[in-house]
Amino acid sequence: MADFRIQPPAIGRARPAQRRPPVQGGYASALRRVPKAMRRHAAAFASFLKLAHDITGDANLEPEAKIAQLDALERALVSGGNVPSWLGPALELKASLAITGGSSLHARQLLQAFRRDAEGYRARTWGDVLAACRLAANPVGHHLLELYGESADALAATDALCTAIRLLRVVQECRDDWVRLGRCYFPLDWFDAVGASPEHLVEHRATPAIRMVLDRMLDRIDRQLDHARALPGALRDPGLRMETAVLLHAARLMAGRLRRRDPLAQGISLGPLARAWVTIRARLVLARSMAGMAPTPPSGPPADPDADGPNAGPDAAGPHAQGSDPEQSPRQKG
């Protein structure tokens, strides 16, 4: 795992500046259905994750200061001891893991991904993006499966869902990430293929070339969601099963909106009506799957669409599963 740096953390202020929540739904919303006996442990992981996210997303901190704070967070998680109050979430997670017998590996993998972000990591290829998701997204699902005592048979589908949710956020926040933090999570060779560059993300409207990059990412997200569709039926805990079904349907709906709308021109999210519709839809589909119609969970990751060569073009016929949108106007639907 990430090695400890010996330099003392240079903390610029007692508490890092907060950004909007890293996921709409996701781990934070899953806390609603966590059994009471485990709620404290799930909340400890969520608080730790949010603190690391706030540090890395603070536009007022230099990269060196961000890394120093993340190092301090990891030291507190591993060693404990007398630490500043802002590192409280690390001590809470350490205590939680001691009770549950869980591993700190997942939290430390996430910190490694946050360090990469702080240093301005750029993905050159789609393979680089997937490798980044293995540190930045998938450990969240692994922690939940471990906390609930779920089977390892669900790992591949869980990874696909976590990857899809992270990549949806990449598309949603692509302009903000570039303008505020100089980050770009799209493969750089995708820009090269269409004669564009990440600098075009500063625009308030996507150019045709940037639209091709966005849609290529959405094609990959659809593949991940297809791979994850068997996940709810593979889980034993009813609360986690329901939350997973809701996340799957919310992700499908969000992917459809991101295809029809321009994330550079406007913020795109799911409102109350859409979230209610997603919950109802998830309940209906879950009921059918529990009646014996659930697909078999996958045993490995989705096939790599670029496996035939580094110059493979954008998917011409990606699985553009969108579904109906309860908040779309009749004019938009036409």
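The values are calculated or read from the model by the stated rules, or taken from the named source; none is laboratory data. Every value quoted in this text rests on a predicted model; they were computed, and no experiment measured them. As a convention, Cβ positions derive from the backbone with ideal geometry for all residues, glycine included, and neighbour counts pool all protein chains shown. Note: accessible area is taken over every heavy atom of the protein model, side chains too, but ligands, DNA and RNA are not part of it. Shrake-Rupley method; radii C 1.70, N 1.55, O 1.52, S 1.80 Å.
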Of all residues making up the range 43-81, the number that are surrounded by fewer than 19 Cβ atoms within 10 Å (Cβ to Cβ) and part of a loop (DSSP other than H, G, I, E, B): 5
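Just to verify a result, which residue in the range 161-180, among those that are over 25 Å from THR207 (Cβ atoms) and under 8 Å from the mean Cα position of the chain (by Cα), is surrounded by the fewest Cβ atoms within 10 Å (Cβ to Cβ)?
If we take residues in the range 161-180 being over 25 Å from THR207 (Cβ atoms) and under 8 Å from the mean Cα position of the chain (by Cα), then CYS162 is surrounded by the fewest Cβ atoms within 10 Å (Cβ to Cβ).
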Residue check for LEU144: crowded, with 20+ Cβ neighbours inside 10 Å, closer than 23 Å to ARG252 by Cβ and under 12 Å from the mean Cα position of the chain (by Cα): no
The range 82-99 residues that are open to solvent by less than 40 Å² (accessible area, probe 1.4 Å), paired with ones that are charged (D, E, K, R) (beta carbon under 6 Å, 6 or more apart): TRP86/ARG15
Residue selected from the range 244-262 under the condition outside any loop (DSSP other than H, G, I, E, B) and of a type in the set (D, E, K, R), by the criterion farthest from the chain's Cα centre (by Cα): ARG260
Hits in the range 202-228 (condition: closer than 18 Å to ASP176 by Cα, in contact with a Phe, Trp or Tyr (Cβ under 9 Å, 6 or more places away or on another chain) and touching a residue at least 40 places away in the same chain (Cβ under 8 Å)): ILE210, LEU214, MET217
THR158 vs. criteria touching a Gly at 6+ places or on another chain (Cβ under 6 Å) and either basic (Lys, Arg) or open to solvent by less than 20 Å² (accessible area, probe 1.4 Å) (or both): yes
Residue among ARG183, ARG241, ARG216 that alone is buried (at least 19 other Cβ atoms within 10 Å of the Cβ), assigned to a loop (DSSP other than H, G, I, E, B) and basic (Lys, Arg): ARG183
Conditions (1) surrounded by fewer than 21 Cβ atoms within 10 Å (Cβ to Cβ); (2) in a helix (DSSP H, G or I); number of the one not met by GLY120: (2)
Failed item in (1) part of a helix (DSSP H, G or I); (2) open to solvent by 10 Å² or more (accessible area, probe 1.4 Å), with SER103 passing the rest: (1)
